[in-house]
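The next block holds one structure in the form of structure tokens; read it before the comments.
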Amino acid sequence: MPITPTPKIWMNGELVDWEKAQVHVLTHTLHYGTGVFEGIRAYETDEGPAVFRLTEHIERLFSSAQIMGMEIPYTVDELITATKETVASTGLESCYIRPIAYFGYGEMGLNTLPCSVDVSIACWPWGAYLGDDAVEKGVRMKISSWTRHDHNTMPPASKTTGNYVNSSLAKVEALKAGYDEAIMLAPNGLVAECTGENIFVARHGKLLTPPLSAGALEGITQNSVSTIAADLGFEVVVDNIARSDLYIAEEAFVCGTAAEVSSINSVDDRNIPCPGPMTSAIAEVYHQAIRGQDARYKDWCELVR
Ligand code: PPE
């Protein structure tokens, strides 16, 4: 999915022209994968563009930095304002937003302590991550041959750039084998999440989703979907999921900011009913919630203007 440029990118406190938002090749994070980032979406609402759960995303950026021992030289409020300014500067009604905090140019070597911390926020139009028909048709999943890193190797709770080496290996492997996306198992063999999404699996009429301890990112969409599911009267349980639970799931879906809610139609060529009734109902409410069309979730839509 090629990036469509927008007029401005926020870099260290100012909006600069898209082409001028550049870094030196000796930028520390480019070499060591030590940056932290977020993926956020803004949607068109009746009151203008609104950023979905912006505060939670910026707070998670600071949690990621805290795990990495990185001090972001701005406050949460400053980056919330900066994100809104960046979205407004594009004139877009809806877009994907990518804030990143990274160790900058000036020091080399693995010690991050003397490094400067730079922050940028870019946004651009980004369509359906797993295809336009990902709710109806569903995605074909493969269990990855790559194991998700555990808490004592690369902390999965931090959205650290280097963590995505593991995700990229799994994603490319799955695509080359003819699948749409990969499911990552933790070192103990239990289901963690997908390369860029959390996972929900229905068993015995309940929706299960793995805990952070299984090596999943604490997903903001996972949280939104859990709230929506409970409000729809479905039982949601945060619990461990075994590989076999996937093969005999009554229905299953992935969720994330980029992927939104996408049904799973098969795992390792075992078909799963798709789209399942709970998945369809949740996806429908989610699509209204992100656009400010459901009064119950209006607080989640943070207006840009
Ligand atoms: N797990 C991982 C590993 C992950 O990267 C994401 C988001 C999630 C779960 C879902 O989190 P949330 O967005 O808070 O619901 N992945 C982002 C980046 C994807 C990419 O390709 O880059 C995203 O969805 O924006």
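The values are calculated or read from the model by the stated rules, or taken from the named source; none is laboratory data. Because the structure is a prediction, the values reported are computed rather than measured. FYI the Cβ positions are ideal-geometry reconstructions off the backbone, even for glycines, and counts take in every protein chain you see.
Of the residues in the stretch 249-258, at least one is surrounded by fewer than 20 Cβ atoms within 10 Å (Cβ to Cβ), farther than 22 Å from Thr45 by Cα and away from the ligand (no atom under 12 Å from the Cβ). Exactly one residue out of Ala101, Ala50 is closer than 21 Å to Glu260 by Cβ, modelled with pLDDT of 95 or more and not assigned by TED's automatic domain parsing to the domain that holds Gly162: that is Ala50. Against the list (1) part of a loop (DSSP other than H, G, I, E, B); (2) over 27 Å from Thr221 (Cβ atoms), the condition Glu93 fails is (2). Is one or more of the residues making up the stretch 283-290 surrounded by 16 or more Cβ atoms within 10 Å (Cβ to Cβ) and more than 16 Å from the ligand (Cβ to nearest atom)? Checked against the condition, which is being surrounded by 16 or more Cβ atoms within 10 Å (Cβ to Cβ) and more than 16 Å from the ligand (Cβ to nearest atom), the stretch 283-290 yields no hits at all. I'd like the residue in the stretch 127-175 that is without any contact (Cβ under 8 Å) to a residue 12 or more places away in the chain and closer than 14 Å to Pro187 by Cβ and, out of all such residues, is surrounded by the most Cβ atoms within 10 Å (Cβ to Cβ). For the stretch 127-175, the residue satisfying everything is Thr153. Taken over the stretch 59-86, the criterion of being within 12 Å of the ligand (Cβ to nearest atom) and not small (Gly, Ala, Ser) is satisfied by Glu59, Arg60, Leu61.
Ser263 passes every criterion in (1) within 15 Å of the ligand (Cβ to nearest atom); (2) in a strand (DSSP E or B) apart from (1).
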